[in-house]
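This report refers to the structure that appears directly beneath it.
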Amino acid sequence: MSRLQEAIEQIDFARQYTLERVNSIPLAEWFTAPPGGVSHIAWQVGHTAMAEYRLCLERLRPRTTADESLIPDDFLTVFGRESLPARVTGYTAEEIRSVYDRVHTRILEELPTYPDAELDLPPLKPHPLFTTRIASLRYAPLHEMIHCGQLAMIRRMLGHAPIW
């Protein structure tokens, strides 16, 4: 199995695992921050979509005009690294979920054709945790699992039974 195929499988595994939790939370609860909590489902899902786009597409190739309809510039800001869940405005739970799904679908369409010779190049946008494009792809599922854990904690705090 190629390094790229292995990375794609890990990216998709993390998404499928996270989806089990995301799919179990009614959209009506997405903007509810549990008592004592600092985040909500909407921000976690939006942030995960933004990060997957940045780690798996934006660092491997330039942003395209088609990317604006995939994930708008404003979405990247609203759910960016320094953003705050309390400031999430302008997007419904349905819109956030749609971006989350679209980005992942595009990644699974584009990545299989990415040239192996370019995987060892530096990412187009630097990141403090890695220095190559393949490392960006390998980090993507790790980042998603961090937020999957946060999603799982929030859903439990909202009164949902654990998913094992």
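Read-outs throughout are calculated quantities, based only on the coordinates presented, and are distinct from any laboratory measurement. No experiment lies behind these values; they were computed from the predicted model shown. Glycine gets a Cβ as well: all are built from the backbone with ideal geometry, and neighbour counts include every protein chain shown.
Data for the structure
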| read-out | value |
| --- | --- |
| Lys/Arg +1, Asp/Glu -1 at C-beta; region 3-157 dipole; positive extreme among Ser83, Pro34, Thr113 | Pro34 |
| Among Ala93, Ala42, Ala28: highest mean-square fluctuation, GNM of the chain, C-alpha pairs under 10 Å | Ala28 |
| Dipole magnitude of region 13-145, debye to nearest 20 (Cβ charges: Lys/Arg +1, Asp/Glu -1, about Cα centre) | 280 |
| Whole-angstrom gap from region 19-92 to region 107-164, using each part's C-alpha centre | 13 |
| Segments 18-24, 120-126 sorted - mean Cβ within 10 Å per residue, highest first | 18-24, 120-126 |
| Glu68-Leu121 FRET efficiency (beta carbon distance; Förster radius 22 Å; 0.05 resolution) | 0.30 |
| Local electrostatic count at Arg3 - Lys and Arg +1, Asp and Glu -1, tallied over other residues with Cβ under 9 Å | -1 |
| Helix-only CD estimate at 222 nm, as mean residue ellipticity for the chain, using -39500 (n - 2.57) per DSSP H run (n ≥ 4) | -17500 deg cm²/dmol |
| For the chain, alpha-carbon Rg relative to the globular expectation (2.2 N^0.38 Å, N residues) | 1.03 |
| Förster-model FRET efficiency, 35 Å R0, Thr89 and Phe13, C-beta, rounded to 0.05 | 0.60 |
| Max mean-square fluctuation residue, GNM over the chain, Cα-Cα springs under 10 Å, options Ile41, Ile154, Ile146 | Ile146 |
| Exposure proxy order (Cβ contacts within 10 Å, fewest to most) of Thr32, Thr105 | Thr105, Thr32 |
| Cβ-based exposure ranking for Arg155, Arg138, in which fewest neighbours within 10 Å come first | Arg138, Arg155 |
